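Below is one structure; the comments refer to it alone.
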């Protein structure tokens, strides 16, 4: 149990996917201009990430390893994720139009989001078992949501500010990200007493 | 557009990282040392040139293009993923320390928007030779960009410049001269964000100035007329 | 025509996938051996810093929190050095360290092989700059000055190494491996002497049993069955001693030691130069703890055997 | 003042009041800082001089450092205005801009946060981060998300902490002697206890520095301006009297820290009132309460928001101080709360105008739950009650 808590906390804060692993920077810069879109993107990422990580994990351990063709993992994972996003999109459209309305427009962006395949690959290289994998993926996704949401709040404020012209857009966003990264590194000891 | 223009546009005018803001993830993650940035550049050049070449080869054949068209994105992905996996295996076999330090970002070349973007936007509609030149230009443009970031970061973070293996320049004497020691922050994630942010801002400022100049020139020409 | 388009496109994709898969299989075939070799080289690269690995037989033992590399001498396959590669929780991620320990428990060196700490803490670790007062002997460690949490990781690694080094050199290394079935042999006096020729009497002593073989009421031979604690379990040995105090033969009848040690004992591979005269012992090379047991048995016998033949048994 | 008239919340009210323009606010703020500056000069300079340990010029050094901080931040901001706005870069418009953006304040506060042995160049880097990165790049005064001085302090603490403790300042001659006046801070000693898990007591925490009265007066080691609760209180009363700040924000913040540390103290077996008192008198709690969380730009502007902000801040300060491995919890918790000032401000404004209806209600309930969780976690984690939870967790594992 305590190892799961440790995995969850470090996935959420210490190994935060955006601020320390540099995955999913494109949506971080691109979609975080408004609070609502940040929320939508965050939930869509959690949703797709959980499904794709579970499927790729099962595929890897029960097919690729069995047949000794682990070197095909990149190509298999990317195809699976692309097909999966497609399927989720059609399924959502039919099954739950309201959910589709909320997440739908972010789904196509997700295929080329390196966070999804990145986490799928990290789950393999970290040698997690299935439960650990689910917890890790869940909290990586929550960390993504958390950071992109607080980031969007700041972006909304920055939009009205007379930021120097050269710094408008991505540069100031990156500087804010740097400050966030520094703040996040200071959370280290908060969970130490558990282990 | 001449071949030279085609080649150079990737490096300057349409630089994927500095102008189009594509491929941010690897440019933040692997720029801790010049060596890593060089290794990443090699991998990207290899994948990009070959994928552009192969895709344009497929698409320039009309019959094949007609067949491929409905499934072209999966086809691109398969081609790119294959090339990436080949790079990964070769690097693992022959440059193992580099492979270890680039880690997950080698397989992630697959989702690097630059490569898929160029396949769709350029290679699918141009001749193989042009596509190779375009791919080379774009990949080198990306390489130059991450090299700049990595020089900035490695120098400020450690005072060294690691070109390849043992080939390392110790520039700490500059820090000694300033009576400070290197700022370790720049090897950290925060330093990555701050470096890229400032470099992008400088580039934005420079290009804004140049545009202003151009507008002024145009105005001046008009006034003279 | 139009209906077929989707199917044909699918076939194109499939064939492309097949081609790519075959290509990858081919490249994999070419590189797989080199990748394995390189991985191995990388693993031992760090050890090269301390020892010249060409001179040793290498063995890896994977534990939960790290790996122990065993460097055995090539001539008599004794453990010469142990290199511990252990992980411990650092401030951010795990800190991984190599600690090289010699047979006499002196520390050859240590180095941090992986850390991802924040600057100030991290840099101190990488430069081995944490003021570790390294004693000659692993049993005495001094505290580490410097950054708190990370050095806690370093401290934890050193503590663990110091705790297990001694027992590792003495055979505890293989404790974590599965234990084989105990080696149990049905040994009787008949294996040494023809029991029909003698009157056999059994005497229980503290450490085991002595069979007294008498001929015409004279003690001709004694067969000691002594058991002493080995590393993992008791070791039982039959030692047959003649009247002139020469050793007829000895057989290990029961041992339950781990692979590498147990087999040595069963095969009598401990190079025990038994002198004709029991009073002179030679040392046993080979596994330490187990052979300690063997040596212990012999010393018990040597201590009492003269007395036994002289009639001490009848008291 | 035109820039603030267009709905910039912080100064709408104040600038409407008669005779309360930017200049008077700045003047009042500087007057409020005066006791702190003077005490810091007395403690780090005059007292050491009177003891005969440093010469006259070295005595001026603390004052010099503080003024240097203000001067540097004005200069940097001036250069920034000169470079970015080419059209009106004459002296007059720049100096007008400098006064309207309170250019001198971040530098002075920054200098007051840093310890006496800070080298001048570190101060320079810190003021650069504070004024240029923390303030001007975000659009200048009124738009910054993070408290500039605090940002400078946090980043310098993150990157250059080694230089602050290693170096002896400009007048290196007094390095050793200053150590005895600014040695290990109380919180540094406290951190050793929480790291090793040993019990602490009045004798180990307070007695090395005399008694709690010394903590109140401020003759203990620490940052230049943060040690003296007395001087800070005088400044705070002045600011409240002049209606520059609201009295309840500092009171709620300090109160939260006080009560939480009291509860934690009782749980670890220190029921004395000294422990919570010690808690609020050490580190930057007092200084932050009066001069930083009342800052109008980076904290919520309406009363409800201010109360929520102060409550969260106090809890997080205790959390970082007792659970995290940061002996000083104030800076990290405040810079973290700077981010959340934005939603707190928005939603508390909604609640204030529309009452507890959607969406204010949902936000309030989420906030309440988070608050309860943080408070519970802080108390549980501080007294290491993990063992008390073990049986529950074990049952969970079995299931």
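Bear in mind these aren't lab numbers, they're just calculated from the coordinates by the rules spelled out. This is a predicted model, so every value here is computed, not measured. So basically every Cβ, Gly included, is an ideal-geometry build from the backbone, and we count neighbours across all protein chains shown.
If N is the number of residues in segment B:1-147, what value comes out of its Cα radius of gyration divided by 2.2 N^0.38 Å?
Compactness ratio reported: 1.01.
So what's the back-of-envelope 222 nm ellipticity for chain A, counting only DSSP H runs of four-plus at -39500 (n - 2.57) apiece and dividing by all residues, rounded to 500?
-22000 deg cm²/dmol
What is the calculated FRET efficiency for residue C:57 to residue A:126, with r their C-beta to C-beta distance and R₀ = 22 Å, to the nearest 0.05?
Here the calculated transfer efficiency is 0.10.
With angles folded into 0 to 90 degrees, how steeply does helix A:35-59 sit against the dominant principal axis of chain A? Use alpha carbons for both and round to 10.
Helix A:35-59 sits at roughly 20 degrees to that axis.
What FRET efficiency do you get for residue A:89 and residue A:54 if R0 is 22 Å and r is their Cβ-Cβ distance, rounded to the nearest 0.05?
With R0 = 22 Å, the Cβ-Cβ based efficiency is 0.75.
Identify the residues of segment B:6-34 with backbone N under 11 Å of a label point that sits 7 angstrom from the Cα of residue B:171 along the Cα-to-Cβ direction, or state none.
B:34
What ranking, highest mean first, results for peptides D:44-55, D:61-72, B:122-133 when packing means the other Cβ atoms within 10 Å averaged over each residue?
Going from most to least packed, we get D:61-72, B:122-133, D:44-55.
Give the average, rounded to an integer, of partner chain Cβ atoms located within 10 angstrom of each Cβ in B:63-76.
4
Based on alpha-carbon centroids, what's the gap between segment C:202-241 and segment D:42-106 in Å, whole number please?
So the two Cα centres are separated by 94 Å.
What is the mean number of Cβ atoms from other protein chains located within 10 Å of the Cβ atom of each residue in peptide D:23-34, rounded to a whole number?
So the per-residue partner count for this stretch is 0.
Angle between the Cα long axis of helix A:130-159 and the longest principal axis of chain A, 0 to 90 degrees, nearest 10?
The answer is roughly 20 degrees.
If I model a spin label at residue D:51 and residue C:11 as a point 7 Å from the Cα along the Cα→Cβ vector, what separation in nanometres do I get?
Here the modelled spin labels are 9.4 nm apart.
Mind telling me which of B:87, B:110, B:75 comes out most flexible in a GNM of chain B, alpha-carbon contacts under 10 Å?
Greatest mean-square fluctuation among the candidates belongs to B:75.
Taking a virtual spin label 7 Å from the Cα of residue D:212 along the C-beta vector, which residues in segment D:263-299 bring their backbone nitrogen under 18 Å of it?
From segment D:263-299, the list is D:263-287.
Could you please rank D:96, D:143, placing first whichever residue has the fewest other Cβ atoms within 10 Å of its Cβ?
D:96, D:143
Can you give the helix-only mean residue ellipticity at 222 nm for chain B, where every DSSP H stretch with n ≥ 4 adds -39500 (n - 2.57) and the sum goes over all residues, rounded to the nearest 500 deg cm²/dmol?
Value at 222 nm, helices only: -24000 deg cm²/dmol.
Using 0.36 nm times the number of residues separating residue C:23 and residue C:248, minus their current alpha carbon distance, what extension gain do you get?
74.2 nm
Given an 8 Å cut-off on Cα distances and at least 6 residues of separation, report the relative contact order of chain A as a percent.
44 percent
Counting only other chains, what is the mean number of Cβ atoms within 10 angstrom of the Cβ of each residue in peptide B:110-116?
Across the residues of B:110-116, the mean count of other-chain Cβ atoms within 10 Å is 4.
Where is the GNM fluctuation largest for chain B (alpha-carbon springs, 10 angstrom cutoff): B:47, B:149, B:68?
B:68
Could you work out how far apart the two model spin labels at residue D:259 and residue A:36 are, taking each label as a point 7 Å from the Cα in the direction of the beta carbon, and quote it in nm?
3.8 nm
Rounded to whole Å, give me the distance from the Cα center of segment A:107-155 to that of segment B:85-124.
A separation of 21 Å, based on Cα centres.
For the pair residue D:247 and residue C:74, how long in nm is the line joining their label points, each one 7 Å along Cα→Cβ?
For the pair residue D:247/residue C:74, the computed spacing is 8.7 nm.
Suppose R0 equals 35 Å; then what is the FRET efficiency for residue A:109 and residue B:3 from their Cβ-Cβ distance, rounded to the nearest 0.05?
0.55
Go through C:15-28, B:88-101, B:191-204 and give me the packing order, highest mean Cβ count within 10 Å leading.
Order by mean packing, descending: B:191-204, B:88-101, C:15-28.
With springs connecting C-alpha atoms under 10 Å apart, model chain B as a Gaussian network and identify which of B:211, B:188, B:168 has the largest mean-square fluctuation.
Of B:211, B:188, B:168, the Gaussian network model singles out B:211 as fluctuating most.
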